[in-house]
Amino acid sequence: MESVGFPLPATFAHPRSIPTRFLPAIHTMASSYKNQFPYLPLPQSYSLPWMPSTYYKTAAIKPTLAAFTKSSQGITASEKLPPLSTRTTVFTRYAPEDWYKSNMTNYKESETSQKNAERLRADTTRMIDDKYQQTKKTQVESTKNLGVRANDIAFWKSELCHELDEMIGETNALTDVKTRLERALAKSEAPLQVAQECLLHREKRIGIDLVHDNVEEQLLTEVDVIRSCQEKMQQFLDKAKAQITSNRVAQHNLEKDLANKQVAHRIDDRCHHLMNTSHGISYYRGVEQVDATISVPESWAKFTNDNILRSQGERAASAKLRDDIENLLVVTASEMWRQFNAVNVAFTNRIAETADAKRKIQMHLAKTLREIFQIERNIEAIQKAIRDQGPPLKVAQTRLDERTRRPNMELCRDTAQLRLVSEVRDIDETVQTLQQQLRDSEDTLQRLVRAKAVLQHDLAVKANSLFIDQEKCMGMRKTFPSTVRLLGPI
């Protein structure tokens, strides 16, 4: 026996099924029904009969729609319905009006939820499309700006390349002229030495031959002309060195600017060709907040333009200096050659030399030359030994460098590590020892070369003593550089 208000096990106690034409379409997604208010069934009527024949007997009792609570369990025994076995009629929980009203409420709530969902889907679709178009437009603008930037960099790169080629060509041309000037200056030393030696040897004349004649006057004039030409060439040589330094500074600035622009162009070109499907793209959180820029487009363009203008100014100064050096070479060669011919016209024969001193000097000179040859071979052997130490040193240092990449606890100071360190130190000590020996050998070679020069000078003096005028003086003057050699050809 069960009290009224509890579910009845009889099949007729459940509500009848509703025809499908009265129900709205139910969405297949169970999630669309989540977080909805639970369905609260209407309370059963205690006196409403199921069969129509008994309806009018209990019509005076109105059904209530209050929700079922525990308070309904607290009714008294007198108020409870009689047990099911003693009932003469069938009782139901709801009235048809309650049933229809519940269905209509569910329909309205379903339609409202559907309309809200449809409106939300439409708003979401529209918002997604708007944001996609906005993002696509922004990306197109960024790509266009990157393309414009890459074109700007390419333009300045071409300008820098052109100016750099011009500057390199100008620097090479000025270097060639400077080399010619250095050679002309070096060639002018020989005529100067000859004239000075002639004057010195003529002072060794004795008796009446010690006369201030036209030859001596022309020799003194020749010395003055050569020294004057040397001073002019040295001045222009210093100017050429300073100008080459300035050219290289401007060239370095151009090369540095060009290298930076090549890197920037490569980066911007890669960024310009990046797409949403490109490889290598990733998230970099906070990168938009980092501002590492140090210039604006105006200052950026002005920087490169200033470099080009500075280079053009240096090129103009270098070209003018080259022209001045060319004119100087022609003028100095003409002056020295004209005075050389004047001295030769006035020169006469003189003799004062001893054969024994000349022979001894020649013997010592030969020994010195042989020793120079031997010491040069020794220097080459030492240099080869130093070069031979290079590959083992590279191998040891490469091994040490590779072993620094061992991970974590693998960075062990093991026997191999200690031996490699010791090997590098041993090779360094060997190289230092060989280099010290090389320096000693080079110092010895320099002393031998200086000794050779002294002996050659003494030999020239002794040879000049034999033939002061005709054999010695005129013999040395035959080696006077020609006009072409005085112009310093390459």
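The values are calculated or read from the model by the stated rules, or taken from the named source; none is laboratory data. Fair warning: this is a prediction, and the values are worked out from it, not measured in the lab. Cβ atoms come from the backbone with ideal geometry, glycine included; neighbour counts cover every protein chain shown. Calculation scope for accessible area: heavy atoms of the full protein, side chains included, ligands and nucleic acids excluded. Shrake-Rupley method; radii C 1.70, N 1.55, O 1.52, S 1.80 Å.
Looking across A264, A250, A240, one residue alone is surrounded by 14 or more Cβ atoms within 10 Å (Cβ to Cβ) and touching a Gly at 6+ places or on another chain (Cβ under 9 Å). It is A250.
Cβ-Cβ distances below 9 Å connect the following pairs, each with a first residue in the stretch 386-403 that is without any contact (Cβ under 8 Å) to a residue 60 or more places away in the chain, a second residue that is open to solvent by 90 Å² or more (accessible area, probe 1.4 Å) and not in a helix (DSSP H, G or I), and a separation of six or more residues or different chains: R403/L411.
Could we say that L365 is open to solvent by 70 Å² or more (accessible area, probe 1.4 Å) and in contact (Cβ under 8 Å) with a residue 40 or more places away in the chain here? For L365, the condition - open to solvent by 70 Å² or more (accessible area, probe 1.4 Å) and in contact (Cβ under 8 Å) with a residue 40 or more places away in the chain - is not met.
Conditions tested, residue by residue: (1) open to solvent by less than 40 Å² (accessible area, probe 1.4 Å); (2) touching a residue at least 40 places away in the same chain (Cβ under 8 Å); (3) farther than 24 Å from D268 by Cα.
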| residue | (1), (2), (3) |
| --- | --- |
| K137 | no, no, no |
| V140 | no, no, no |
| A150 | yes, yes, no |
| E166 | no, yes, yes |
| T171 | yes, yes, yes |
| R183 | no, yes, yes |
| A195 | yes, yes, yes |
| L199 | yes, no, yes |
| N214 | no, yes, yes |
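Considered as a group, the residues in the stretch 369-415 that are touching a helix residue (DSSP H, G or I) at 6+ places or on another chain (Cβ under 8 Å) and of a type in the set (G, A, S) include one that is modelled with the highest pLDDT, and that residue is A385. When the stretch 411-454 is limited to residues that are in contact (Cβ under 8 Å) with a residue 40 or more places away in the chain and open to solvent by 50 Å² or more (accessible area, probe 1.4 Å), the one that is farthest from F373 (Cα to Cα) turns out to be T430. Just one of the numbered conditions (1) small (G, A, S); (2) buried (at least 18 other Cβ atoms within 10 Å of the Cβ); (3) closer than 29 Å to A150 by Cα is not true of G286; which one? In the conditions (1) small (G, A, S); (2) buried (at least 18 other Cβ atoms within 10 Å of the Cβ); (3) closer than 29 Å to A150 by Cα, G286 misses (2) alone. Checked across the stretch 422-434, the condition of being in contact with a helix residue (DSSP H, G or I) (Cβ under 6 Å, 6 or more places away or on another chain) and of a type in the set (G, A, S) holds for no residue.
Examine the stretch 335-357 for a residue that is in a helix (DSSP H, G or I), open to solvent by 70 Å² or more (accessible area, probe 1.4 Å), over 30 Å from L181 (Cβ atoms) and without any contact (Cβ under 8 Å) to a residue 40 or more places away in the chain, and state whether such a residue exists. Looking through the stretch 335-357, at least one residue is in a helix (DSSP H, G or I), open to solvent by 70 Å² or more (accessible area, probe 1.4 Å), over 30 Å from L181 (Cβ atoms) and without any contact (Cβ under 8 Å) to a residue 40 or more places away in the chain. Only one entry in Q389, Q397 is farther than 30 Å from R450 by Cα and open to solvent by less than 70 Å² (accessible area, probe 1.4 Å), namely Q389.
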